[in-house]
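*Asks:* Before I ask anything, here is the structure I am working with.
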Amino acid sequence: MDLNQLYTELILEHSQNSENKGHLDHANCTERGRNPSCGDDITLELVCRGDIIEDASFTGSGCAISQASTSIMIDLIKGKSKEEAGELVNTFLSMIKKELNDYDKLEMLEDAVAFQNIGNMPARVKCATLAWHTLREAITKNQ
Ligand code: ZN
């Protein structure tokens, strides 16, 4: 199995069967994000205690790429501080724009590197980045 195939499987797995999808009982920060060009419509739910994102989930619908990207992002940010989550967002967006030259930083994205070649498909970039922009919005509003 080559790397692209592995990434495709990872994206399919997260989009079809995400443990991160559903409502949280004690969410204290929610943010909706929409990508009209594809029809993706997600809502992030976060449980923040002080500066730490203790738990996170999402609801909504959209294409496999938007759903998988949201689920993978949630795996990454759980337990992180808002500042760390913000840095992950910046790193992910730089990777998509192919502006990331520091491979150590790429490593901190873990499974989200599955989207590193999405920049070659401009129509899908908004699908892959929707959750990350939405998270940035949520964090900025709840400083
Ligand atoms: Zn989409």
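*Asks:* Calculate, for HIS133 and TYR103, the FRET efficiency according to 1/(1 + (r/R0)^6) with r their C-beta to C-beta distance and R0 41 Å; round to the nearest 0.05.
*Replies:* That gives a FRET efficiency of 0.95.
*Asks:* Continuing with this model, one more query. Equivalent-ellipsoid semi-axes (√(5λ), Cα gyration tensor) for the stretch 64-143, whole Å, largest first?
*Replies:* In descending order the semi-axes read 19, 15, 11 Å.
*Asks:* Summing -39500 (n - 2.57) over the DSSP H runs of n ≥ 4 in the chain and dividing by its residue number, what mean residue ellipticity at 222 nm do you reach, to the nearest 500 deg cm²/dmol?
*Replies:* Estimated from H runs of four or more residues: -15000 deg cm²/dmol.
*Asks:* Would you compute, for the Cα atoms of the chain, the largest minus smallest coordinate along each principal axis and list the three values in descending order, in whole Å?
*Replies:* On the principal axes, the chain reaches 40, 31, 27 Å in Cα extent.
*Asks:* Moving on. Let me know the longest stretch in the chain that avoids all trypsin sites (Lys or Arg not before Pro) found in a DSSP loop with at most 14 other C-beta atoms within 10 Å.
*Replies:* In the chain, the maximal stretch lacking such sites is 1-96.
*Asks:* Which residue, LEU24, LEU44, LEU88, has the most motion in a Gaussian network model of the chain that connects Cα atoms within less than 10 Å?
*Replies:* Result: LEU24 has the largest fluctuation of those listed.
*Asks:* Say we join alpha carbon atoms closer than 10 Å with springs in a Gaussian network model of the chain; which of CYS48, CYS127, CYS63 then has the biggest fluctuation?
*Replies:* CYS63
*Asks:* Calculate the dipole size of the stretch 64-139 relative to its Cα centre from +1 charges on Lys and Arg beta carbons and -1 charges on Asp and Glu beta carbons; express the result in debye to the nearest 20.
*Replies:* Computed about the Cα centre, the dipole is about 360 debye.
*Asks:* Are there GluC sites (Glu not before Pro) in the stretch 31-121 that DSSP puts in a loop and that have at most 12 other Cβ atoms within 10 Å, and which ones?
*Replies:* Hits after loop and neighbour filter: GLU99.
*Asks:* Work out from phi, with θ = phi - 60° and the Karplus expression 6.51 cos²θ - 1.76 cosθ + 1.60, the ³J(HN,Hα) of each residue of the stretch 105-115, listed in order in whole Hz, and give x for Gly and Pro.
*Replies:* So the J values, rounded to whole Hz, are 5, 4, 4, 6, 7, 6, 5, 5, 5, 4, 9.
*Asks:* Right, here's the next one. With springs only between Cα atoms under 10 Å, which of MET121, MET95, MET73 fluctuates most in a Gaussian network model of the chain?
*Replies:* In this elastic network of the chain, the residue with the biggest mean-square fluctuation among MET121, MET95, MET73 is MET121.
Every read-out reported here was derived from the displayed coordinates using simple, explicitly stated rules and does not represent laboratory data. A quick note: this is a predicted structure, and the numbers were derived from the prediction, not measured. Positions of Cβ are backbone-derived with ideal geometry, glycine not excepted, and every protein chain shown enters the neighbour counts.
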